[in-house]
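Student: Quick one: structure below, then a few questions.
No lab work stands behind these numbers, since they all come straight from the coordinates. Predicted, not measured: the structure shown is a model, and the values here were computed from it. For neighbour counting, all protein chains shown are included, and Cβ atoms are generated from backbone atoms with ideal geometry for every residue, glycine included.
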Amino acid sequence: MRSIITIALSLLFVSTAYAQDDPKSYLSRIPALPNNVCSMSDSEREKYLEKVDKIYQELLSKIEAKEESSQKNNEQGLETIKKDMENKMKQDYGLSATDIQNMENDDLSDEEREAIGNKMLQQKYNVSINDLKNVSEMSENEQQAWIESYAGKQTADVQNHKEATIDAENKKNMNMAELQKEQISLNNQLTVFASKYDNKLKDLEKKESAAKIELKNELDKILKALFKQYPGAGGGEEGGGINEEDRKRDAIYEEKREKLQQQHCNEFSLSYYNIVKEKISELPAQLPLIKRFVEISNQLYQSQLDTKIEITPSGLQELKAIEGCVALQIDIFKYCSVNISY
């Protein structure tokens, strides 16, 4: 008999393995956003980015593994679908595996094709090619009589199963319609979430680009004024050497440049920080919506093709959503340095 400790360890292992595979587990491991990005030293930024990159690479690896596994399963699943369709043709039309294989053969003779076609007609519609040839030679009244007689037999055969078949089909269609309705609703919610932050980030990018141009123009004005005030050894021209005025001018310019760049960083890095922080805070509420959307997509796909294949593996889209947020964290310092100098 297994000991209590052994059982407990087994359960712990299972729960730990499950937790590691759960997309939500990555959320708790994402490093907190630094709230002092503009004042962090290079070494501090490097350490932070190392932490973020570690979880980012784990996510990419997990996503890649899921996509490769999904592709392999789908390829195998498509083979299964093909076999299922062949089996359905065998059942519905009385065809053998050899018949189905022969149907794909371009070199099949007309007689062989006619024999297979005759077999399918007899199994599915209880008529032969010869019957149809005979009907084609009948008069118009005889053809009408034959059609009415045939239709009467078919109606009698189908009537016993008609109500049950229609009822089952209607239920299936109603269920499909409800799923499609829910899928559309979820898609709209997820699109609104994604668009909201995409638009915010694009707007911020435009504003920062315009502000960067203004900053450069402002620094150019400052530099020109400083050259007039402190012409230096060269009088503002290159090749004139360096004297005390040059050093003073450079020091004043550098001080003003650092101050303006700090203001630029404070404004746009803080805005970026707030957007990313807000998106990450709202992400946990989006994961169940993503999960449900994928479930419905798989259900619809499986119902339409009568298969057990998952068009999208569970957890993949949730991992991609988390990976997208972590990618934003990698760029947390993007507005800290303007790189403007003379």
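Student: With the Cα gyration tensor of segment 264-317 in hand, give its eigenvalues times 5 under a square root as the equivalent ellipsoid semi-axes, listed largest first in whole angstrom.
Tutor: So the three semi-axes of segment 264-317 are 39, 9, 7 Å.
Student: Could you tell me the convex hull volume per residue, in Å³, taken over the Cα atoms of segment 169-342?
Tutor: Here the figure is 132 Å³ per residue.
Student: Where the centre of each part is set by its Cα atoms, how far does segment 261-324 sit from segment 53-75, in angstrom?
Tutor: Segment 261-324 and segment 53-75 have Cα centres separated by 15 Å.
Student: A further question follows. Place the peptides 319-328, 204-213 in order of packing, highest mean first, counting for every residue the other Cβ atoms within 10 Å and averaging per peptide.
Tutor: Answer by packing, highest mean first, reads 319-328, 204-213.
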